Every structure is written in C-alpha cells, then in structure tokens.
C-alpha cells in the first residue's frame, strides 16, 4: 500500500485529498479519500450541483492524441478505457462501432484510450502498443485495427500477436516495415503508459471503463447503453 501526501482538495473546501494505491498479487486499485482538518475521512464522489456535476471527470479526461470517430461537435462524447484482450470489451465493441452510429447518427463521438489489464491479460500491453503504432502511422486505420483485433481476439497469443498484426497491416494501408520497427522498439509505449495513468487518475479499475459526457459508467449491454444515451440527449434537448 502506498499513500500519497495530502493536497488541498479542488472540489471540497476545507478538505485535503489523499490518494491510496493498493497492489496485491499482480492486481492494483486506487482510492481517493477526503480528510478534514479535524480528522474526518470521507470516501466517495464529490459533485458540485451549481455546475456540471461531472466537470471534475471532464477536467481529467485528456483526449489529445487519442483515436476518435464521430463529429467533434457531437452533443455526447463517450470515452472508453479499453483492453484489446478483454472479453467484455470485445462484446461491447459492436455497440460502439455499429449500433451507436446507426441509432444516433451525428450525435455521438467515441474516443478510445488504452487500459491494458496486464495482471490477467498477458498480451494486452503489447496489443495496446501495436494499436498505438498503427494510429501513429494512419489514424483511420486504427479503427480497422480495433475491429479486427476484437474479431480475432480468441486466436491471439503472446507469441502470435506481432505476426498476426503485421499480416493484417499489409492489406489495410499500413506500412509493415515501419509498423514492425515501431512494435519492436516499443516506440508508442509512453503513450500507452500515459493512457493508463490517466485512467488510474480518474478511477478506472477495470475494462471497459466508459465515461459518457464525464459520467463514469461501467460496461453496459446495448439496451442499457441506448437508454442512457437517449436520456442524455433528452436532457440536452438534442433528441
């Protein structure tokens, strides 16, 4: 267990924020506590109802340099922290890529950030590095990679990942020599690490981790996701 030094809370006047980092048997979890001067400890989320209650999350969601599709001015932005080896992420991928654009055309932007769960998914980090290498070379090809890697997820192993990625790349407008060099040198690993750090800072502990206009929501089946999006659009007056 590691406990950070307290710092004044930006969102709860008179309280300090203390981050606690727990690791055990390859897993990890991060918790945020609020402590008053008299020693009162509060664990939970803080919302300011005088403004957007999810503004604190929006402030932490750094989307620069992240793969995205959908209109930049869409009323709803979904940020997914995902893991290419995660079965639940695979199940949710068709909702993000097919159901949402078809059901809510022009109204939703989707942003992807890597959050490989290395303790349980042995090739997830390497897959994230490969994906970022594809994105570096051809931003639109990243979404072809996204669709493909979930389609073949069950056939990938740590030993076959790189060969399968390079074989896929050759037919999808990606220079395999340049891609292979990027993968071999782990040139994009810093970007993956930054995404992981961003996820931990905002409280992501598992995948898929979704934020819909800043509202933290776990993985959802399509009926529930559709209902949340309809509710958000109604609230915004964009239905």
Next item on the list: Could you tell me whether region 198-216 includes any residue that is surrounded by fewer than 14 Cβ atoms within 10 Å (Cβ to Cβ) and part of a loop (DSSP other than H, G, I, E, B)?
Entry: no
Note to self: Here are the criteria: (1) over 17 Å from the mean Cα position of the chain (by Cα); (2) surrounded by 15 or more Cβ atoms within 10 Å (Cβ to Cβ); (3) in a loop (DSSP other than H, G, I, E, B). Tell me which single one residue 105 does not satisfy.
What the structure shows: (2)
Margin query: Only one of 106, 127 is on the phi > 0 side of the Ramachandran plot and assigned by TED's automatic domain parsing to the domain that holds residue 158. Can you tell me which?
Written below: 106
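Residue-wise test of (1) within 30 Å of residue 165 (Cα to Cα); (2) touching a helix residue (DSSP H, G or I) at 6+ places or on another chain (Cβ under 9 Å); (3) assigned by TED's automatic domain parsing to the domain that holds residue 120; (4) free of Cβ contacts under 8 Å to residues at least 60 places away in the same chain.
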{"site": "11", "(1), (2), (3), (4)": "no, yes, no, yes"}
{"site": "14", "(1), (2), (3), (4)": "no, no, no, yes"}
{"site": "22", "(1), (2), (3), (4)": "no, no, no, yes"}
{"site": "52", "(1), (2), (3), (4)": "no, yes, no, no"}
{"site": "67", "(1), (2), (3), (4)": "yes, yes, yes, no"}
{"site": "70", "(1), (2), (3), (4)": "yes, yes, yes, yes"}
{"site": "81", "(1), (2), (3), (4)": "yes, yes, yes, no"}
{"site": "90", "(1), (2), (3), (4)": "yes, yes, yes, no"}
Next item on the list: List every residue pair whose Cβ atoms sit under 8 Å apart, with the two residues 6 or more apart in sequence or on different chains, where the first one lies in region 169-186 and is farther than 22 Å from residue 152 by Cβ and the second, anywhere, is assigned to a loop (DSSP other than H, G, I, E, B).
Entry: 181/187
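The values are calculated or read from the model by the stated rules, or taken from the named source; none is laboratory data. Here the structure is a predicted model, which means the values were calculated and not measured. FYI the Cβ positions are ideal-geometry reconstructions off the backbone, even for glycines, and counts take in every protein chain you see.
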